[in-house]
Amino acid sequence: MSKIRTEELIKELSLLNTEGMYLNDFLHTWDKTDHEIDAVFTVAEILKDMRKDNISTKVFDSGLGISIFRDNSTRTRFSFSSACNMLGLNVQDLDEGKSQIAHGETVRETANMVSFMADIIGIRDDMYIGKGHEYMKEVAQSVEVGHQEGVLEQRPTLVNLQCDVDHPTQSMADAMHIIEQLGGIQNLAGKKLAMTWAYSPSYGKPLSVPQGIIGLLTRFGMDVTLAHPEGYEVMPDIEKIASVNAENSGGSFTKTNNMAEAFADAYIVYPKSWAPFAAMEKRTDLYGKNDFEGIDKLEKELLAQNAKHKDWECTEELMASTREGKALYMHCLPADITGVSCKEGEVAASVFDRYRVPLYKEASFKPYIIAAMIFMSKFKNPADTLQGLLNRADKRIF
Amino acid sequence: MSKIRTEELIKELSLLNTEGMYLNDFLHTWDKTDHEIDAVFTVAEILKDMRKDNISTKVFDSGLGISIFRDNSTRTRFSFSSACNMLGLNVQDLDEGKSQIAHGETVRETANMVSFMADIIGIRDDMYIGKGHEYMKEVAQSVEVGHQEGVLEQRPTLVNLQCDVDHPTQSMADAMHIIEQLGGIQNLAGKKLAMTWAYSPSYGKPLSVPQGIIGLLTRFGMDVTLAHPEGYEVMPDIEKIASVNAENSGGSFTKTNNMAEAFADAYIVYPKSWAPFAAMEKRTDLYGKNDFEGIDKLEKELLAQNAKHKDWECTEELMASTREGKALYMHCLPADITGVSCKEGEVAASVFDRYRVPLYKEASFKPYIIAAMIFMSKFKNPADTLQGLLNRADKRIF
Amino acid sequence: MSKIRTEELIKELSLLNTEGMYLNDFLHTWDKTDHEIDAVFTVAEILKDMRKDNISTKVFDSGLGISIFRDNSTRTRFSFSSACNMLGLNVQDLDEGKSQIAHGETVRETANMVSFMADIIGIRDDMYIGKGHEYMKEVAQSVEVGHQEGVLEQRPTLVNLQCDVDHPTQSMADAMHIIEQLGGIQNLAGKKLAMTWAYSPSYGKPLSVPQGIIGLLTRFGMDVTLAHPEGYEVMPDIEKIASVNAENSGGSFTKTNNMAEAFADAYIVYPKSWAPFAAMEKRTDLYGKNDFEGIDKLEKELLAQNAKHKDWECTEELMASTREGKALYMHCLPADITGVSCKEGEVAASVFDRYRVPLYKEASFKPYIIAAMIFMSKFKNPADTLQGLLNRADKRIF
């Protein structure tokens, strides 16, 4: 990278209207303006370039990044850690097992108690439909009020590390990968992207990935097709957002129950398992009632339902039907690979293998996307701050 | 804040005799002189002001803060993390589950093994009467000897994050809150503080909070009343300390078995559940003998005993009887709130709600108190060091 | 320490050929040249001196050190943490319980996913013969390829924190201790070191310590004797390495089944329990087959076998037979101490007590050894970098 390119990116950033991001949370991509989305990509790229050029991006001398993971996580945990670390924040995990939350504390109280020196809070809560996003809003509201009341000296901002509705750090990292692969954001318009369901022997995978993808990629003029077997609908609200986005951007948003139709002539394919929305709602209810017998029964039904759609696999045949037979295969990882991680899965081993390097690169954008989201929420004049870092020119490695 | 105010505080600090704190532990407030207690408040305030003014308080370029939590903890864990972070130390948790302590290692060996690069050790061990403080003394002694023998290049100092006897980071944070609410430490004299027992449906809460409060607040000329039902006595040694303190400071220390009497005309009320000292001693013995049947029986007895005192609740009626009906309500949190976190608890929901903001502020002092305790134990000339930081004027956020 | 001494050490370092260490892993000591081994000792000493002189050794402004502990650990965890911290890296633990590795992810994928901002990876995997080292090689290979393919911007290097074959951070720390005790590396030649088995009531202790010791200490011209009861053989490959080393260095490598013979006239004794190699191979197989009945049976056999050798204890009588009756007693800790941590163990309490301080000092070298290994793998011209740090002269404590 060259300093010149970095300075050009900073100049581009300075032209965007991003006021609304300052001291604000990043919960859903569709809450953000096009300028704001663009700013996140741009800052991510700047931070990436600076790191490559061995220039320190440490904007915090001290400060905490709080992580709350209500589900297991490797990738997201490390991405959040990496993002905090490159900005100078230290991660302190709120492990609900270890903490007193389990003993009935209110969200409001805990949110304030852990935030006295918190600059950022990252939350992953994707398990129960209708819960994750609500929880994040509650935390955000709590620290906002805490700040207004003088309890918190600073307003910690939130980054959604995956909720029941959206997975913005994933969809934005995915988008950044597509932008790089297609040679610029302007090249997305008119290209077909197939977000399709795929068979997996497990069940209950969150809907936030397909929803995040159709909610974001429709903004760039792409022809986005959502494909799944009947019964695997995503949230109607998000389909609506996708439709409106497509209309505004001059792209399209189409639905189909035919995988082959989705793959035909696609530039990008994203085949991935998820659970039916209605079933997930039912599961949340059953959990609420501690009806474990009901949950067991539901799981069995869902696995039986899944098993009817084993033909929804990303095979070489399907890949051959894509644009020039060489669509970009995408996945949020880990994938269920036929004959490797399971008997029958989302993708044929040969397809997965061919795309391993791009898949890993796709994942590599996430730490920078998270860092950019943090950055935009904490600095009023992000372009000036980045230029300041460039001028300071501290080395990351001595 | 202004730099002028900060410099005035530094000047005040420089007049205090705090030699005894250097390379020393903070285990009980009553081990410390008035100057030393005053110094902790002053440094806490200076660090708070500097952080508000975006001035870095990082005095350690690297170094570890070891945390040992022998009980669950959210608040204290985050407070310790925050304190270490703002001074530049990285927390490394000694999780006894993960470590080989469980396999019979001696305290002495482990204390040395984890301390090669430790500047500070924070310990919470409040569960068993007669154990927590002893454990801390053993660790302190081990690293002191380790340092003298040349095993440890530096002497890590200890901060008591709650033992079976005292909870100095809580009582000092509470005191700082009172000082701020009453407009200065000189305004505490002659004011009545009621430290009273309150009913909770749980049992076995540590005595270190009431003991910490009566052991510290009696030093400032306050009229401290300790109230509890018969059978809920605290340790006689600590009552003695409170009496001596009161005599020396020109205040008073009174005991009563009548909650209303304690509340009458009080400026400050601190109603909180704790376990009877004698019962906790018995429980410690039973644990020592692995007599789980005995423990079960004791728990049942204690809950039955508690249940006789459900009228020990901080109600609106009681609050109305305090000084002008507006005493400051305090609690270390989380509180058992009637109708909110339990059916019948320590405090009426309307009282708790009215004091939510001050309660949260009360908690907000703890990270600064801990940081000040660390600071005083690691710098020979704390005033000079703080003035140095002020002159250096590094920004916390770029 | 004086700056002059430090500069002399830096000069010595500059004369060593250490090119091969740059961007390379540290898996086994016998993979490294004499110059490289010497460089680690020298850098460890320089870092130690700089820390004593309050000079910052922070070479990373940000960056992650990944730790993977597939076995419980206190010492090694804290040593790795300390080493990372003193260089400026933040440790992020890959806890396989919390992560998705448990769900069948491949090593290759996970290694890349956690390494986007990793500068170093420390792994401890010592439980199963034939597994630990293989796992480390797989991780190393994965990130090497990841870096080549452009997935990882930097090549994280690996430090073996104990595998099934070698324990280089232990043996190097042990060697540094011996060098200091004997007054210089040149004084090791011709001195007898007894690495002997000792009885412990537990079973299945790893072979990596004795193997590490005979694989390393034979390089310095010492007369190394390996003693154990029949049936407690270590890996033949490592014995071979020890023999070749001894031949090259002008020392000797001898085996005996007689503890007294090993102790006779020794300058250094290292009595420690370990499991028979063949039995550990068998156990690994049984685990592979989930044959828990077989494992139980094997454990019982091994404990019975152990019990036949309770006379393999480091007693005062044996110590009296060493060189002038005052050989240096060594142990990697924790030791099984007769009458203290167990009824009958590896060492008599009076022997252990007399050597407590040197034993603790022995352990104190490990953080510096790890830091030196990291340092050598990340800086092309380590002497220049260290001189740069010395000139920068940032203080560790303000």
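Tabulated results
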read-out	value
Rounded to the nearest 20 debye, dipole of chain A from Cβ charges on Lys, Arg, Asp, Glu	1060 debye
Residue-averaged [θ]222 nm for chain C, counting only DSSP H segments that reach four residues, each worth -39500 (n - 2.57)	-14000 deg cm²/dmol
Rounded to the nearest 20 debye, dipole of segment B:33-163 from Cβ charges on Lys, Arg, Asp, Glu	400 debye
10 Å Cβ neighbours from other chains, averaged over peptide B:108-114	6
Loop trypsin sites (Lys or Arg not before Pro), segment A:334-368, which have at most 16 other Cβ atoms in a 10 Å radius of their Cβ (DSSP)	A:Lys343
Cα gyration tensor, chain C - rounded (a/c under 1.5), prolate or oblate	oblate
Calculated FRET efficiency for the pair A:Asn72/A:Glu281, C-beta based, R₀ 30 Å, to 0.05	0.85
Cβ neighbours within 10 Å from other chains - mean over B:75-83	6
Net dipole in debye of the protein assembly as shown [+1 Lys, Arg Cβ; -1 Asp, Glu Cβ; about Cα centre; nearest 20]	1780 debye
Pairwise FRET efficiency - A:Lys289 versus B:Lys308, Cβ, R0 = 35 Å, nearest 0.05	0.50
Partner chain coverage, peptide C:331-337 - average Cβ within 10 angstrom	3
Extent along principal axes [Cα atoms of segment A:1-142; Å; largest to smallest]	54, 30, 26
Centre separation in Å (Cα based) which lies between segment A:79-93 and segment C:195-215	40 Å
Cβ-derived FRET efficiency at R0 25 Å, B:Glu153 paired with B:Glu19, nearest 0.05	0.65
Loop-located trypsin sites (Lys or Arg not before Pro) in segment C:161-256 whose Cβ has at most 14 other Cβ within 10 Å (DSSP)	none
Counting DSSP beta bridges with both ends in the protein assembly as shown, the antiparallel % (nearest 5)	5 percent
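Every number here is computed from the coordinates shown, using simple stated rules; none is lab data. From a predicted model like this one, the values you see are computed outputs, not experimental measurements. Don't worry about glycine lacking a Cβ; one is built from the backbone with ideal geometry, like all the others, and counts go over all protein chains shown.
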